[in-house]
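The values are calculated or read from the model by the stated rules, or taken from the named source; none is laboratory data. Worth saying up front: this structure is predicted, and the values here are computed from it rather than measured. As a convention, Cβ positions derive from the backbone with ideal geometry for all residues, glycine included, and neighbour counts pool all protein chains shown.
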Amino acid sequence: MIRDIQEEILQIKKEKDICILAHCYQTPEILEVADFTGDSYALAVKASQVPNQTVIMCGVRFMAETVKILSPDKKVILSHSDAGCPMAEQLDKELLMQVKKELPDYTVVAYVNTTTDLKTVCDVCVTSSSAVTICKKIENDKILFLPDPQLGSWVARQIPEKQFKILGAGCPTHCQMTKKDVEKAKKAHPNALLLVHPECQADVVKAADYAGSTTGIMDFAKMSEAKEFIIGTENSITAHLQMACPDKKFYPLSKECICPNMKLTTLVNVLECCKGTGGEEIILEEETRNQAKKCIDEMIRLG
Ligand code: 13P
Ligand code: SF4
């Protein structure tokens, strides 16, 4: 059954010149039919390069909007119209404008997990894999970072020479994991290395052997000599790693670390998107898109 649906997707994709981009948090059957998979940064860069006229983004809304911002002439479809990112919707433009008035000499750095509207009043975007590099390269030593205080303070700890102000509440999925989970997991698996995403709470990140983006965690685990790993990010990564490295053992830091939004898209949704009967086409007002594009371009230039 899954194989049949996949075959149909591959067939239509070819006939209609469709490119499927999928974030690593998607299910294996979706990743198998995707043209490119990766973390947020890799997908954003890919989005600016793919030649196809139609792009289906299997992920969440800000990712599909990033594709549209970079490729306005393409038809961009979000795989499931309800797949938003709660963190991306935490801050609104009016609040940020207010804060900017109080901090006029700060460069506004927005995690790419933000709405297009918010991006119009930010200076540069970052992703988890590019945030440290980009914040180091910014000439200003005063940075207003939003909307993830966990990622922001992780970046700030690595660039002590700069002054950071941080706004926002972060990712509800990653913030669920606590120091207690770390103690429990380390007790159960004393020889395992702890690899976590910097969206996790500071206590969790500080206890880790490695902190980095989704792709960073996967690359680290694949290349490491170690044989056991506790994974502190969305649980799909634990499953993908277990399939990719059957000789190693992977344990989730918490069984609850599942992003409900990333999990909304099914293989059938992808098929419907290919047929033109599902998903949501992303439409952005041209002035907003142009304004938001500046900070994505800056991210790609500096990253
Ligand atoms: P990365 O893809 O940058 O690792 O971020 C993870 C995430 O939460 C995406 O929404
Ligand atoms: Fe948003 Fe967190 Fe889900 Fe990523 S894991 S899409 S940041 S809620």
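Remark: pairs (first residue in the stretch 276-288, touching a residue at least 60 places away in the same chain (Cβ under 8 Å); second residue in a loop (DSSP other than H, G, I, E, B); Cβ separation under 6 Å; 6+ apart in sequence or on different chains) = 279/79; 280/81; 288/120. Number of residues in the stretch 87-125 that are over 14 Å from residue 294 (Cβ atoms) and either within 16 Å of ligand 2 (Cβ to nearest atom) or within 13 Å of the chain's Cα centre (by Cα) (or both) equals 8. A single member of 263, 249 is away from ligand 2 (no atom under 16 Å from the Cβ) and modelled with pLDDT of 95 or more, and it is 249. Restricting attention to the stretch 150-177, the residues that are surrounded by 19 or more Cβ atoms within 10 Å (Cβ to Cβ), in contact with a Ser or Thr (Cβ under 8 Å, 6 or more places away or on another chain) and not in a strand (DSSP E or B) total 3. Looking only at residues in the stretch 246-277 that are within 23 Å of the chain's Cα centre (by Cα), in a loop (DSSP other than H, G, I, E, B) and more than 16 Å from ligand 1 (Cβ to nearest atom), the one that is farthest from residue 23 (Cα to Cα) is 255.
Once the stretch 27-51 is narrowed to residues that are away from ligand 1 (no atom under 14 Å from the Cβ) and among the polar types (S, T, N, Q), the residue that is modelled with the lowest pLDDT is 48.
Counting just the residues of the stretch 196-217 that are away from ligand 2 (no atom under 16 Å from the Cβ) and either in contact with a Phe, Trp or Tyr (Cβ under 8 Å, 6 or more places away or on another chain) or without any contact (Cβ under 8 Å) to a residue 12 or more places away in the chain (or both), which one comes out nearest to residue 129 (Cα to Cα)? Here the answer is 210.
Cβ-Cβ contacts under 8 Å between residues 6 or more apart (or on different chains), taken from a first residue in the stretch 19-46 that is of a type in the set (Lys, Arg) to a second residue that is within 15 Å of ligand 1 (Cβ to nearest atom) and modelled with pLDDT under 95, are listed as 46/38. Checking each residue in the stretch 178-209 for being out of contact with any Lys or Arg (no Cβ under 9 Å at 6 or more places or on another chain), surrounded by 15 or more Cβ atoms within 10 Å (Cβ to Cβ) and of a type outside the set (Val, Ile, Thr) picks out 181, 185, 186, 193, 195, 197, 198, 199, 200, 208.
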